[in-house]
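Scroll down for the structure; my scribbles are underneath it.
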Protein chains: 2
Amino acid sequence: MSYITEPELKNSEQGIALFSNNSSLQTGLLAKLIGEELQINCDVYREIEEVPKEISLLLVDCNGQNIEVLTSFIRDVHDKIDDVTAALLNAEHDSDHERLLDWPCVSGLFYVDTEQDQLIRGLHSLLDGDFWVPRRLLHRFLDKNRKAPSNFKRPNVKLTKRERQILKLIKDGATNADISEALSVSEHTVKSHLYNVYKKIGVRNRLEASNWVRDMDDLDTL
Amino acid sequence: MSYITEPELKNSEQGIALFSNNSSLQTGLLAKLIGEELQINCDVYREIEEVPKEISLLLVDCNGQNIEVLTSFIRDVHDKIDDVTAALLNAEHDSDHERLLDWPCVSGLFYVDTEQDQLIRGLHSLLDGDFWVPRRLLHRFLDKNRKAPSNFKRPNVKLTKRERQILKLIKDGATNADISEALSVSEHTVKSHLYNVYKKIGVRNRLEASNWVRDMDDLDTL
DNA sequence: CACCACGGACAATTATCTTTTCCAACGTGA
DNA sequence: TCACGTTGGAAAAGATAATTGTCCGTGGTG
């Protein structure tokens with residue numbers, strides 16, 4: 001086998017796409033700067049359709065875009081272009097721009113007042129597959145999303161395979177009829193299993209059972 | 001029964017508690033250092049019961065404690081001592097110690113190889129109410145916990161106040177009876193509201209409604 | 001023996017749909 | 001400005017259907 005790598009070829013194939021609807025003059029300059037500093041191809045696009053599928057990084061200029069357009073753009077990126085990492089440019093402080101980080105495809109955010117050298121450092125980081133997110137936003141996300149592990153005090157609830165299957169379906173809102181069809185058993189059987197599950201995990205009804213599942217630390221350990 | 005100083009009432013509200021089961025000699029030195037550097041009272045405790053309720057910061061020494069003990073200790077802190085911020089000391093890299101950050105009471109983490117000046121800076125930050133968490137862990141948390149906002153496509157579901165109230169209760173597993181009692185209305189009314197809600201948000205039953213709420217970006221915007 | 005499937009019988013809860021009551025906002029004419 | 005109808009939305013209630021939950025069984029299978 002060969003260990004030969006071809007960095008030149010790689011760089012020419014994969015570049016940075018800069019999506020912006022701003023004056024092509026400034027944006028072009030920025031693209032040029034990025035290209036020179038990172039030794040990578042950086043092209044400007046004004047329409048999402050033009051953006052090639054294979055790029056290493058997609059920079060989205062928030063400037064001049066309203067948040068709805070921006071959101072739907074990011075959604076498109078998330079849905080249509082698989083496996084691309086994106087980053088926001090010229091984001092406003094304490095704006096809805098910051099919420100776009102909820103999308104798993106967005107790995108970086110540069111504020112409108114970011115210095116050049118910071119931008120370059122961030123881009124390097126992003127190209128390496130790392131994040132570039134202001135610590136403040138990371139803290140906010142942690143603060144908002146973490147919660148006390150709730151199932152760690154569930155000592156030894158041993159669920160059978162069938163019971164686990166049914167619980168997973170419950171979690172997604174399946175009715176008894178749905179479950180009976182999905183597992184090709186009678187509704188009576190479903191009820192029996194559920195009845196046993198409720199007693200095992202100590203809940204009153206399917207809603208609490210669903211929440212029990214959804215609150216698990218790790219759904220796969222079910 | 002020892003050189004552990006009994007904190008005075010006035011100072012206890014502004015002090016740091018260092019919980020450790022390590023050699024009192026080193027730990028005592030650390031407490032002394034912290035006390036001098038931060039100009040704050042820092043006392044060592046070896047039993048959770050001894051830790052006073054009102055402290056500004058609780059440092060938990062991971063060294064020499066196994067993870068089960070640590071976890072149950074943090075749980076106790078979380079459950080019993082309300083409104084205290086804790087931080088982990090001497091955490092191992094890539095260990096279960098890091099998972100203790102899931103507990104909302106844990107705001108900081110210092111690895112076993114943390115330098116003195118970093119520790120001091122971190123403590124200052126924590127005393128200011130900020131976090132002190134390695135960026136790597138923040139990134140990992142972000143990566144693991146964020147997901148594409150699922151309610152962005154809900155165009156203009158206008159829920160009334162009552163409907164929002166009921167949805168919030170539903171989310172926590174309340175039955176119609178629970179809701180009727182909580183809101184002091186008849187069960188009939190609850191059913192009507194729910195019926196209307198189902199149609200508005202396009203779900204089949206209360207379980208899907210509950211999931212709809214739980215999948216919201218921001219529960220508060222409900 | 002634990003797990004799974006199935007069934008009956010009944011109770012309890014939930015879902016659907018219609019109707020009624022209440023209240024606040026709006027416009028109009030005197 | 002003040003009654004007055006009118007309107008529309010929300011809250012509430014009633015009646016009925018549908019689903020879910022409880023508890024008791026019976027076998028079958030590895």
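Bear in mind that the values in this text are calculations on the coordinates, not laboratory data. As the structure is a prediction and not an experimental result, all values here were calculated from the model. Backbone-built Cβ (ideal geometry, glycine too); neighbour counts: all protein chains shown.
Assorted remarks:
- Listed here are the strands (runs of 3 or more DSSP E) enclosed by the stretch A:15-64 that have at least 2 residues being surrounded by 14 or more Cβ atoms within 10 Å (Cβ to Cβ) and of a type in the set (A, V, I, L, M): A:16-19, A:57-61.
- Restricting the stretch A:173-205 to residues that are surrounded by 13 or more Cβ atoms within 10 Å (Cβ to Cβ) and not in a helix (DSSP H, G or I), the residue that is nearest to the chain's Cα centre (by Cα): A:Gly173
- Candidate set: the stretch B:162-172, residues that are in a helix (DSSP H, G or I) and closer than 18 Å to A:Lys171 by Cβ; chosen: the one nearest to DNA strand D (Cβ to nearest atom): B:Ile170
- Test for A:Glu208: is it outside any loop (DSSP other than H, G, I, E, B), under 32 Å from the mean Cα position of the chain (by Cα) and surrounded by fewer than 19 Cβ atoms within 10 Å (Cβ to Cβ): yes
- Output for the stretch A:175-189, where each listed residue is more than 14 Å from chain B (Cβ to nearest Cβ) and more than 8 Å from DNA strand D (Cβ to nearest atom): A:Ser180, A:Glu181, A:Ala182, A:Leu183, A:Ser184, A:Val185, A:Ser186, A:Thr189
- Subset tally (residues that are within 14 Å of chain B (Cβ to nearest Cβ) and on the phi > 0 side of the Ramachandran plot) for the stretch A:73-122: 0
- Among the residues of the stretch A:99-118, the ones that are part of a helix (DSSP H, G or I) and in contact (Cβ under 8 Å) with a residue 40 or more places away in the chain come to 2 in all.
- The set of residues in the stretch A:120-129 that are in contact (Cβ under 8 Å) with a residue 12 or more places away in the chain and not hydroxyl-bearing (Ser, Thr, Tyr) comprises A:Ile120, A:Gly122, A:Leu123, A:His124, A:Leu126, A:Leu127, A:Gly129.
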